[in-house]
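First up is the structure itself, then whatever we jot down about it.
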Amino acid sequence: MAYDVTVETGAPRRMYVLRGEALAQECFGKFLRMDVPLAANTVTFGGAKSLLWLGPEEWLLNVPEGEDDPLDGGFSPNDCEETAVVVDVSDHYSVIRIHGSETVDVLAQACGIDLVPESFAPGQCARCSFARTTGIVRPLDDRGGYEVIIESSYAQYAEQWLTNAIGMSPSDQA
């Protein structure tokens with residue numbers, strides 16, 4: 001029996017890892033014109049951009065294709081009063097979107113985090129073990145929509161793993 005879940009490749013986007021201490025965080029926030037998430041496993045938004053907390057001094061900036069890239073020209077980590085690092089990881093990561101009424105049941109097979117909506121809701125994210133690799137999981141909405149950000153070299157494997165977990169062959173998804 002197949003789960004009521006759909007797996008899709010996410011839309012292309014620019015992604016950057018940002019690293020820095022308190023003054024660098026202020027610098028990032030000011031330049032990006034958005035709050036930098038300081039609470040563990042949270043996400044902040046600035047229009048269509050999102051900034052995911054990955055660690056106490058590390059974030060992942062997502063800029064959807066078609067949006068102005070805030071880091072194209074005009075910003076340099078050297079502009080910050082304290083050491084700041086910005087690394088373009090757009091080619092390093094791929095995005096898989098999964099949605100449907102039974103998404104939590106499928107994702108629970110891949111990762112060990114508590115996915116129930118009361119514990120893991122939109123505005124949160126978690127870097128975790130995912131189907132024998134590593135991914136960043138975040139709920140997109142209250143209707144069973146999730147995003148998995150995975151290293152590009154494992155994207156095809158993760159997509160196939162999810163397709164198998166929902167009980168469908170790749171041709172059934174097309």
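Some notes on this structure:
- Loop-exposed trypsin sites (Lys or Arg not before Pro) per DSSP, neighbour cap 15 Cβ within 10 angstrom, longest uninterrupted part of the chain: 34-131
- Here the Karplus relation 6.51 cos²θ - 1.76 cosθ + 1.60, evaluated at θ = phi - 60°, turns the backbone of segment 29-36 into coupling constants of x, 5, 5, 7, 6, 7, 5, 8 Hz, with x for every Gly and Pro.
- Helix 152-165 vs. the chain, principal-axis angle (Cα, 0 to 90°, nearest 10): 30 degrees
- Computed from label points 7 Å out along Cα-Cβ, the spacing between residue 152 and residue 76 is 2.7 nm.
- Solvent-accessible area, 1.4 Å probe, carbon plus sulfur percent, for segment 52-174: 44 percent
- Computed over segment 78-164, Cα set: Rg, Dmax in Å: 14.7, 49
- Isotropic mean projected area of the C-alpha convex hull, the chain (nm²): 10.1 nm²
- In sequence order, segment 110-120 has phi-based couplings of 9, 9, x, 8, 6, 9, 4, x, 5, 9, 9 Hz under the Karplus curve 6.51 cos²θ - 1.76 cosθ + 1.60, θ = phi - 60°, and Gly or Pro positions carry x.
- Calculated SAXS-style log₁₀ I(q)/I(0) at q = 0.25, 0.26, 0.27, 0.29 Å⁻¹ - segment 1-42, Debye, Cα scatterers: -0.97, -1.00, -1.04, -1.11
- Of the GluC sites (Glu not before Pro) in segment 1-32, those whose Cβ has at most 16 other Cβ within 10 Å and which sit in DSSP loop: 21
- A simple spin-label model places pseudo-atoms 7 Å from Cα toward Cβ; at residue 39 and residue 97 they are separated by 2.6 nm.
- With protein chains left intact and a 1.4 Å probe, residues in the chain average 52 Å² of accessible area per residue.
The values are calculated or read from the model by the stated rules, or taken from the named source; none is laboratory data. None of the values given here were measured: they were computed from a predicted structure. Ideal geometry is used to build each Cβ from the backbone, glycine not excepted, and the neighbour counts take in all protein chains shown. Calculation scope for accessible area: heavy atoms of the full protein, side chains included, ligands and nucleic acids excluded. Shrake-Rupley method; radii C 1.70, N 1.55, O 1.52, S 1.80 Å.
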